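Notes for the one structure printed next.
The values are calculated or read from the model by the stated rules, or taken from the named source; none is laboratory data. Bear in mind that the values here come from a model prediction, so they are computed numbers and not experimental data. Cβ sites come from the backbone with ideal geometry, for glycine too, and all protein chains shown count toward neighbours. All accessible areas refer to the heavy atoms of the entire protein, side chains included, with ligands and DNA or RNA removed. Shrake-Rupley method; radii C 1.70, N 1.55, O 1.52, S 1.80 Å.
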Amino acid sequence: MLDRLPFLVGLRYVRAKRRNHFISFISLTSMLGLMLGVAVLILVLSVMNGFDHELRTRILGMVPHTKIESRSGLVEWESLANELMAREQVIGAAPYVEQQGMFSVNGRNQGAMVNGIHPDWENQVSIIGEHMHQGSLEDLQSGEWNVVLGSMLARQLGVGVGDRVTLLVPEASITPAGVFPRLKRFTVSGIFSVGADLDANLAYAHIEDMQRLARLGEAVGGIRLELDDLFVAGQVTRDIVNELGPNYRGRDWTYSHGNLFQAIQMEKRMIALLLTVIIAVAAFNIVSTLVMVVTDKRADIAILRTIGATPRSIMGIFIVQGVTIGVIGIAIGVLVGVLLALTISDVIGWIEAVLGIQFLDAGVYFISDLPSRLHWDDVGRIVAAAFGLTFLSTLYPAWRAARIQPADVLRYE
């Protein structure tokens, strides 16, 4: 019977209606604090995981993992691409020609990066083909001067499929009439949307058309590579350049989007740390709760000691009580947090529809909707941290209860 005493009495103290309502209020506050801390931490980490996933799949799905270029231009690019694809880490390769320019139509002007691509090779290194809303990459035929625009870029220009746009490139053409900027009329053959800022500043044309516009002849700007692990892009790029020789250079994705990825990782760690402090505050509220309970139950403790309860059993009573309060709060917090993490995208979408506002503007942020990805290993770490803090917060009050001497208490009873 005495072996089960800590559990029986500890659970009874949790269920019992206390005469001191202030103690009950502090217990409820501790429980709610743990619940909110755990739920919010699960939700925020899931959203940060969602941002991280969107960065990898959307942004880095459109941005090449690495680029290999030649200072003299790549003419025999196909043989080099096949050679690079024979490497263990490389899973795709495609030629490209990049040209910064400005689209103009009906007095509307918008700058953009125009990528000259080969439609038969591009799907090896980009997810653009999966995000075509109108048209397809196969509509980009050599000599037809077609262009595929991002959805936001097309909206800013006020054009759709079949409309004509003029591309001005920052290179001058010298004619008998004077110096004029180089320009070319394109026909919009497709529109893509990945829900990121690339929709506003990226366009695609056939690589041979861009070769003519940039006056590259048979050369291409370089070869883009897709790797099986984007986090080894830096090392793979250095290895390739060292093998090819000093006439070649490489740039991996960290040059253009590395800071964004690092910022998301840093924010995830800092937010997790700050919210863990909230859980710690709620957990240590249990200290004040148990200290007041110990003071209120001094007579009960003295009686238990006189009938044979050991200091260890008395200590276990209050550990069980504090841990029970914590477990209830953590369990409810996990339930609420998981439900919010799984539905937050729909909830935010509903709020935006009802209020007519947009929380995430792709022109400011790199995505237009709130992503969320629940990782159960994060949930496990949160539960372990919250439970550990709760258990630690019960030790001091339980130790104080175990030190109570029955003679000192019962002398005045």
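What residue, of 356, 380, is at pLDDT below 75 and out of contact with any Phe, Trp or Tyr (no Cβ under 9 Å at 6 or more places or on another chain)?
On the way: 380 fails: at pLDDT below 75.
The unique qualifying residue is 356.
Select from segment 29-67 the residues that are of a type in the set (A, V, I, L, M) and within 10 Å of residue 371 (Cβ to Cβ) and list them in ascending order.
Taking segment 29-67 first, the residues of a type in the set (A, V, I, L, M) are 31-32, 34-36, 38-45, 47-48, 55, 59-60, 62-63.
Within segment 29-67, 47, 48, 55 meet the criteria.
What is the residue count in segment 106-121 for residues that are under 13 Å from residue 204 (Cα atoms) and free of Cβ contacts under 8 Å to residues at least 60 places away in the same chain? So that I can check it myself, show each step before the final result.
Taking segment 106-121 first, the residues under 13 Å from residue 204 (Cα atoms) are 112-119.
So of that shortlist, the ones also free of Cβ contacts under 8 Å to residues at least 60 places away in the same chain come out as none.
Residues that pass the stated criteria total 0.
Working only within segment 236-274, note down all residues that are closer than 22 Å to residue 82 by Cβ, open to solvent by less than 80 Å² (accessible area, probe 1.4 Å) and free of Cβ contacts under 8 Å to residues at least 40 places away in the same chain.
Of the residues in segment 236-274, the ones closer than 22 Å to residue 82 by Cβ are 236-245, 247-252.
Add one more test, that the residue is open to solvent by less than 80 Å² (accessible area, probe 1.4 Å), and what stays is 236-237, 239-241, 244-245, 247-248, 250, 252.
Result: 239, 245.
Looking at 205, 233, 219, can you tell me which residue is open to solvent by 10 Å² or more (accessible area, probe 1.4 Å) and touching a residue at least 24 places away in the same chain (Cβ under 8 Å)?
It is 219.
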If a residue must be buried (at least 18 other Cβ atoms within 10 Å of the Cβ) and over 25 Å from the mean Cα position of the chain (by Cα), how many such residues does segment 109-135 contain?
12
Within segment 59-106, of all residues that are part of a strand (DSSP E or B) and over 26 Å from residue 150 (Cβ atoms), the one nearest to the chain's Cα centre (by Cα) is 90
